[in-house]
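To start, the structure under review is shown below, and the notes come after it.
Read-outs: derived from the displayed coordinates by stated rules, not from any lab. What you see is a predicted model, and the numbers here were worked out from it, not measured in a lab. Heads up, the Cβs are rebuilt from the backbone with ideal geometry, glycines too, and the neighbour counts pull from every protein chain shown.
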Amino acid sequence: ESGISLFVPLLDEEEILGANAERLLAAVRALDRPYEIHLVSNGSSDRTESIGRDLASRHAEIHFTHLPQRGIGRALRAVLGEIRYDRVLIIDIDLTIDLGFLAEADRALDTYAVVLGSKRAGYEKRPWLRRAGSSFYHFAAERLTGMAFQDYSPGAKGFRNRGLPFADLVG
């Protein structure tokens, strides 16, 4: 079916989940296409689960799942069988991407099987040690390869799922 399925992994996001989910909801609604949002808490130990359940109870387009174990791959696998639409976008809830990525990815997926977006557009909610480690990694990679990339870890990804047997991956 033609539309957009958003997959949003969550890990201890109580501070930003409510407001950012509403921003994401408004942005995908503006595309004027069928859509759904899968919020998946993977190992959260704060109020992420209760906030996610509340969002799902107030918005029919939001589906919430909580897993006790951490792992983005585990979270994606938990909902693969429920993905309804032909375009799947994976978005971080900290929304460090420009939300214009949603429309751009939707257009690009008419032609391409995979699209990537950079997360260098906003505030990163990561400890300073992780930010410092990432900065060192980017510096070393640029020096070793001679290529100046701004981002090696996309904060947004998208792919077409036409004909992909997701049910086989989950079972």
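If R0 is 45 Å, the Cβ-Cβ spacing of ARG23 and PHE139 corresponds to a FRET efficiency of close to 0.90.
Using r as the Cβ-Cβ distance of SER57 and SER2, and R0 as 41 Å, what FRET efficiency do you calculate, to the nearest 0.05? Given R0 = 41 Å and the Cβ-Cβ separation, E is 0.90. Model label points for SER50 and TRP128, set 7 angstrom from Cα along the Cα-to-Cβ axis, are 3.2 nm apart.
Over every Cα atom in the range 1-112, the radius of gyration and the widest Cα-Cα span, Dmax, amount to 13.2, 41 Å. Counted residue by residue at 0.36 nm each, then reduced by the alpha carbon distance between them, the extension gain from ASP32 to ARG84 reaches 17.1 nm. For the range 5-77, the list of GluC sites (Glu not before Pro) that fall in a loop by DSSP and count at most 16 other C-beta atoms within 10 angstrom reads GLU14, GLU15, GLU61. Electrostatic tally near SER45: other residues with Cβ closer than 14 Å to its Cβ, Lys and Arg +1, Asp and Glu -1, net -4.
Label sites at ALA113 and GLN69, each approximated as a point 7 angstrom past Cα along Cα to Cβ, lie 2.8 nm apart. A simple rule links phi to the HN-Hα coupling: the Karplus curve 6.51 cos²θ - 1.76 cosθ + 1.60 with θ = phi - 60°, which for the range 34-39 gives x, 7, 8, 10, 9, 8 Hz, with x for Gly and Pro. For ILE62, the residues whose amide H sits under 5 Å from its own are ILE37, ignoring neighbours fewer than 5 places away on the same chain, with H placed 1.01 Å from N.
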